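In what follows, a single structure is set out as structure tokens and then discussed.
The values are calculated or read from the model by the stated rules, or taken from the named source; none is laboratory data. Everything numeric here is computed off the predicted structure, so don't read it as measured data. When we count neighbours, we look across all protein chains shown, and the Cβ atoms used for this are built from the backbone with ideal geometry, even at glycine.
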Amino acid sequence: MNDVIRPRRLGSTGIELTAIGLGCMQFAGRGPGGMVFAPMPQERVDAVVEAAVRAGIGWFDTAEGYGHSERALATALARAGVPPGGVRIATKWNPTGRTARSIPRTFPAREAALHGRRVDLFQIHEPYTSIGRVGPQLTAMARLLEEGRIGGVGVSNFGARRMERAAALLNGRLATNQVRISLLHRDIERNGVLAAARRLGITLIAWQPLAGGLLTGRFHDDPEALRRIRPLRRLALVTRRSVERTTPLVNELRKIGHAHGVSVAQTALNWLITAYGETVVAIPGATRPEQAAESAAAMSFRLTDRERAAIDDQCRGLT
């Protein structure tokens, strides 16, 4: 694939990431992620991962808290013939009911689940369910970094102040903050997270970059598809009201995408990975091989300033 959007550096590390990675919550099996997505057989996971790699996606984001996701990803990479180090892997420590002492104790289980593949980015999954303080957790993460067992340290869903404190505790080595960002979720522009990330050289990883499928146009084309998605997704994002409210935006994405020969989803993803410069990368998920390939192709063109402005106009009142 001819990538117009080139790889970008992961925070202050020497690691490079493609602007689009693949989120692997869909590979959860019957774990917690299975409450949001139907379980995928390993053969489907294999096909999705192989399609992603072939299309040019160079990294995958998984988590301990996703249940079977890490093992399913590692199995699929092996079956696709991807050697260790052939792609970058990000995973997360689950803080639920734990303190920092569990990080060194449980990290070998992450390595085992990934079949010995290197953890290029190790993240605190989110800051709300830990029974311990974040400072010692970051210190434990830093120790793994100093030992050369991981390539970088990241956090998830940290606000600007907490992210700044984390960066200070790590002496400027905080690589990433994974937060919700999409055309419909642009809080980073107002809450200081984007400004702080740029100032500190931290990469923001956009989760749910297609707003749970709302920015694919699927539900606008087929409103009956709302009946076929799992209840948690409807509660979170995709409702009949949200489809109605976003119709003008999706129509604009469709029109602009048509000019480039790309889909609504590709247009939305391209906006996301270009609007904020090199600070933001995105991790759309995929349940079918063609979805992974489609996401990868969002790196193969570039919206004009006028097109981005037209999209921004349609976002007014939605974010």
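Which is touching a His at 6+ places or on another chain (Cβ under 7 Å), in contact (Cβ under 8 Å) with a residue 12 or more places away in the chain and surrounded by fewer than 18 Cβ atoms within 10 Å (Cβ to Cβ), of A28, A78?
On the way: A28 fails: surrounded by fewer than 18 Cβ atoms within 10 Å (Cβ to Cβ).
The unique qualifying residue is A78.
Of all residues in segment 254-307, exactly one satisfies the criterion of being part of a helix (DSSP H, G or I), farther than 26 Å from F37 by Cα and polar (S, T, N, Q), namely T274. Criterion applied to F158, F122 was being closer than 30 Å to T75 by Cα, crowded, with 20+ Cβ neighbours inside 10 Å and within 16 Å of the chain's Cα centre (by Cα), and the one residue passing it is F122.
The rows are residues; the columns are (1) among the basic types (K, R); (2) touching a helix residue (DSSP H, G or I) at 6+ places or on another chain (Cβ under 6 Å); (3) part of a loop (DSSP other than H, G, I, E, B).
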| residue | (1), (2), (3) |
| --- | --- |
| P39 | no, no, yes |
| A72 | no, yes, no |
| A76 | no, yes, no |
| R110 | yes, no, no |
| Q137 | no, no, no |
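Could we say that R101 is in contact with a Pro (Cβ under 9 Å, 6 or more places away or on another chain), over 19 Å from P284 (Cβ atoms) and not small (G, A, S) here? In short, yes. Does R245 meet the test of being among the charged types (D, E, K, R) and touching a helix residue (DSSP H, G or I) at 6+ places or on another chain (Cβ under 9 Å)? No.
For segment 210-232, the count of residues that are at pLDDT 95 or above, aliphatic (A, V, I, L, M) and under 21 Å from the mean Cα position of the chain (by Cα) is nonzero. Being of a type in the set (F, W, Y), in contact (Cβ under 8 Å) with a residue 40 or more places away in the chain and at negative phi is true for just one of F122, F107, F158. Which residue is that? Result: F107 is the single residue among F122, F107, F158 that is of a type in the set (F, W, Y), in contact (Cβ under 8 Å) with a residue 40 or more places away in the chain and at negative phi. Pairs meeting the criteria (first residue in segment 202-224 and on the phi > 0 side of the Ramachandran plot, second residue of a type in the set (S, T, N, Q), beta carbons under 6 Å, at least 6 apart or on different chains) are A211/S182.
In the set (1) closer than 20 Å to V179 by Cβ; (2) touching a residue at least 60 places away in the same chain (Cβ under 8 Å); (3) assigned to a helix (DSSP H, G or I), the condition left unmet by D312 is number (2). Being at pLDDT 95 or above, more than 15 Å from the chain's Cα centre (by Cα) and either polar (S, T, N, Q) or not in a loop (DSSP other than H, G, I, E, B) (or both): is that true of R117 here? Considered against the rule, which asks whether it is at pLDDT 95 or above, more than 15 Å from the chain's Cα centre (by Cα) and either polar (S, T, N, Q) or not in a loop (DSSP other than H, G, I, E, B) (or both), R117 comes out as no.
Selection of first residues in segment 243-258 that are closer than 16 Å to F219 by Cβ and of second residues that are part of a helix (DSSP H, G or I) and among the hydroxyl-bearing types (S, T, Y), restricted to Cβ pairs under 8 Å at least 6 apart or on distinct chains, gives the following pairs, ordered by first then second residue: L253/T267; R254/T267. Reported count of residues in segment 170-202, each being hydrophobic (A, V, I, L, M, F, W, C), closer than 18 Å to W271 by Cβ and outside any helix (DSSP H, G or I), is 4. Among the residues of segment 127-143, those identified as at pLDDT 90 or above and under 10 Å from R101 (Cα atoms) are P136, Q137, A140. For segment 125-150, the tally of residues that are surrounded by fewer than 20 Cβ atoms within 10 Å (Cβ to Cβ) and either within 17 Å of P84 (Cα to Cα) or polar (S, T, N, Q) (or both) stands at 4.
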